[in-house]
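Following: one structure in structure tokens, then a few remarks.
The values are calculated or read from the model by the stated rules, or taken from the named source; none is laboratory data. The structure presented is a predicted model; accordingly, all values stated were derived computationally and were not measured. Cβ sites come from the backbone with ideal geometry, for glycine too, and all protein chains shown count toward neighbours.
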Amino acid sequence: MQIVNPPDWKRPKGYSNGIIAQGRQIYVAGQVGWTAEERFETDDFVGQARQAFKNIVAILAAAGAEPRHIVRMTWFITDKDEYLSRGRELGEAYREVVGRHYPVMSVVVVRGLIESGAKLEIETTAVIED
């Protein structure tokens, strides 16, 4: 896996501009911040994010992958202001569960999510190199 960033661009914080990867691909459906029993244990944005990260890591492990194999994350959030104001805490939760691996990421603000009570949903793509 190779991180791609034009040489004259500032280094992005918390994500990568591009990644080159080749291998077995794993597509993880959008994960919300509930447990394996589909129960929300918190309505806190960062708490739900932490649980969504744990869900992603568990699915990757079931496929024989690790967080370091993640190449892309697309976040769907319901509150832009909460996302921006909780950035430091969100980063801490991310590093606690995923580590210091920063894939390509996009964040999309949506009016709502299918699961009542969900504050975010994260889709993930991973590649295990051949």
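Summary table below
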{"read-out": "Selection within segment 88-107 - among the aliphatic types (A, V, I, L, M) and more than 19 Å from G47 (Cα to Cα)", "value": "V104, M105"}
{"read-out": "G117 in contact (Cβ under 8 Å) with a residue 24 or more places away in the chain and surrounded by fewer than 14 Cβ atoms within 10 Å (Cβ to Cβ)", "value": "yes"}
{"read-out": "Some residue of segment 97-108 being within 26 Å of I3 (Cβ to Cβ), touching a residue at least 60 places away in the same chain (Cβ under 8 Å) and in contact with a Phe, Trp or Tyr (Cβ under 6 Å, 6 or more places away or on another chain)", "value": "yes"}
{"read-out": "Top-ranked residue in segment 1-37 [being surrounded by fewer than 11 Cβ atoms within 10 Å (Cβ to Cβ) and under 23 Å from L90 (Cβ atoms); ranked as modelled with the lowest pLDDT]", "value": "K13"}
{"read-out": "Close pairs from segment 45-69: first at positive phi and part of a loop (DSSP other than H, G, I, E, B), partner surrounded by 20 or more Cβ atoms within 10 Å (Cβ to Cβ) and of a type in the set (S, T, Y), Cβ under 8 Å, at least 6 apart", "value": "none"}
